[in-house]
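Student: So that we are looking at the same thing, I have put the structure below in C-alpha cells.
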Amino acid sequence: MSLAEATVSASSTLQDALIKLPDELILCILQNLHHDDLITLAAVSRHLHYIALEVLLRRFNVDLDSPSIFLRGNDNSITALPALAIALPAIGTSPARLSCDLTTKFDSPSIMIQEARALTRYVYKMDSVEEVALQLMHPPFVHWEEVVLNLMNVILSKSCRSLSIKSLESSSWTVSSGSPTIKRPTGLSKILRSNRLFAKRKSYPFLKVCHIQTLPRFLHPFYEQTLNASAITELSFKYIFNAKEWETFSGRITIPSLSHLSISHCALLASSFQQFVTRHPSITFLDFHHNMMMPVHPPRLPAGILPQLAQLQTSSEYITHYLPPMVSLAELSSIHITVGDKFHAFSRLDTALEHIASCAVDVKLCLEFGNIAGLEAWLKSKAAQTGMQKVESTLCCVKTLELDTLLPTGFSSHALAFIPQWLRLFPVLEHVSMTGRCILDPAASIPRIVRSIETTCPNVKSFSLQSETKWFHTYSQGVSLL
C-alpha cells in the first residue's frame, strides 16, 4: 500500500470512528463544559451544519432559493437525495414542487432501485409536498415495481395535490450485457398484478390533479384505486397506444368531481371514449387532439353528451367528424383549434368553422397556427373569394378572436398585411388578440396593425398583442402599455 493510499484509508477510518462515537462518551465530555461554552458549541455546530449542507447541495446542482426541487441524473443532482433528507429542517419540510427523473440510470437496474428507495426515504421525511412530477423507466423487474408502488403510496400520504407520472414502456427497455439481472419472483408478481395491495386504501381528499403518460400494467391497480378514491378535478392521458387496455382501465374509473379532461397522442376505441365521457357529465374542459380513433371513421358523438362543456381544445377534424354537434353544446363558451403545420389543415379549418357557425351561444375562438407560409397562402386565397364563399361571414357567434403562433419567427409581415382584411369578414367581431413574436413595439409608437384594424374593421372595439412588449388597445380610449 502506498503512502497516499494509507493516508486516505486512515482518514476514512478516523471519520467512521468519529461518526460512530458513542453518545455516552460524548455526554461525558459535554458535562464537563461550562453552560456558556455549550451554547457556543451548539450555535457553531448548527451554523457549520447548515453551511456544509448548503455547499454540498449547491455542488449537486440543487437550487436552495427555489420553492421547487428538481432532481436529475444527468446533472448529478439526484445524488443529493441523502443530503436533502438530512437538510429538510434547514430548507423546509414542505416544498411546493418536487420533480425527479429516474430514467438516466437505465443501464443499471440496481442503481435505479437505490435511487428510487432514496427518493422514497426523502419524501417520507417531508411534512407535505404540493406537486410531484416523476419520470420513470418501466423495466420488467418486480423489485422495481415494488419500489415504485411504495414510492407512490408515500407521495400520496404527504397531502399531494398534483401528481404527474411519465413512464417509458417496457418495449423501450434495454439492459447492457454487464448489468445484473433481477429475476422476477412468481409469488410477489402475482400480488402486484392483483388488487390485494390496494384493498384497504383510504381516500385522498387532497389530490386534485393527475397526469398519466403511458399505462404500465403493474400500475393499473394503483391508478384505479387512487382515482376512484380521490376528488380529482383534472385528469390527463398521453401516449397510450393499447386501445383495448385503455378501454379496460377507463371502464373501472368513475370520478364525480372531474371537470378537466385531456387526452392526446393515444389510440382509443370510440366506444370506450364515449362511455367514459358519458359517465362524467361534469366535464367543463376537454382537450382532445392527435388521437388515433378506432374504427378509423367513428360515428359522431351523440347530441346531449358533455352537457356542461364550456371550453374545447382540439383540431379541425374532430369538430368536423367526431365531437358532438356544436349546436348541442349549450354551455360552450371557448373553442381553441390547433391548425397544425400542414397545408391541408387550412381547408379542414374552413370545414370546422362551418360547424362552429351553428353554435347557439357566443364563443371565444382561438386559432393556433404552426405554419406561417400556409397561413399567408390561406389568407391570400380568402381575399380572392367572393362574399358567398367565405365561411367567416356566417360566424355570428364569434365576438372574440385570438390568433396564436408559437413559432420563433412569429407572424410574418405578409400575414400581418392580410389579417385586417380577413378580420373584416367576421360580422360581429369586437375583440381581437394576437400572441407571438410578430411586432417590435417601441413604447412611444402605435403598432401599424392597430391602425389598419381600426380603419378596416369598424366593429372591433379592442386589440391586444402579447409579444416582447404587451399592448392593449381600446379604440375609443387609445393605447395603454401593460
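The values are calculated or read from the model by the stated rules, or taken from the named source; none is laboratory data. Fair warning: this is a prediction, and the values are worked out from it, not measured in the lab. Virtual Cβ from ideal backbone geometry, glycine too; neighbours counted across all protein chains shown.
Student: Quick check, is His143 at pLDDT below 95 and either of a type outside the set (Asp, Glu) or over 30 Å from Leu268 (Cβ atoms) (or both)?
Tutor: Working: at pLDDT below 95: yes; either of a type outside the set (Asp, Glu) or over 30 Å from Leu268 (Cβ atoms) (or both): yes.
Considered against the rule, which asks whether it is at pLDDT below 95 and either of a type outside the set (Asp, Glu) or over 30 Å from Leu268 (Cβ atoms) (or both), His143 comes out as yes.
Student: If a residue must be at pLDDT 90 or above and either among the polar types (S, T, N, Q) or not assigned by TED's automatic domain parsing to the domain that holds Glu402 (or both), how many such residues does the range 310-361 contain?
Tutor: Number satisfying all stated conditions: 12.
Student: Report whether or not Ile78 is at pLDDT 70 or above and exposed (fewer than 12 other Cβ atoms within 10 Å of the Cβ).
Tutor: no
Student: Of everything in the range 297-310, what is surrounded by fewer than 19 Cβ atoms within 10 Å (Cβ to Cβ) and within 28 Å of the chain's Cα centre (by Cα)? Give them in sequence order.
Tutor: Hits for the range 297-310 are Ile305, Pro307, Gln308, Ala310.
Student: Take the range 136-148 and flag every residue that is closer than 24 Å to Ile86 by Cα and surrounded by fewer than 21 Cβ atoms within 10 Å (Cβ to Cβ).
Tutor: Listed by number, the list holds a single entry, Val147.
Student: Looking at the range 234-263, which of its residues are within 14 Å of Ile165 (Cβ to Cβ), aliphatic (A, V, I, L, M) and either touching a Pro at 6+ places or on another chain (Cβ under 7 Å) or in a loop (DSSP other than H, G, I, E, B) (or both)?
Tutor: Correct list: Ile240 only.
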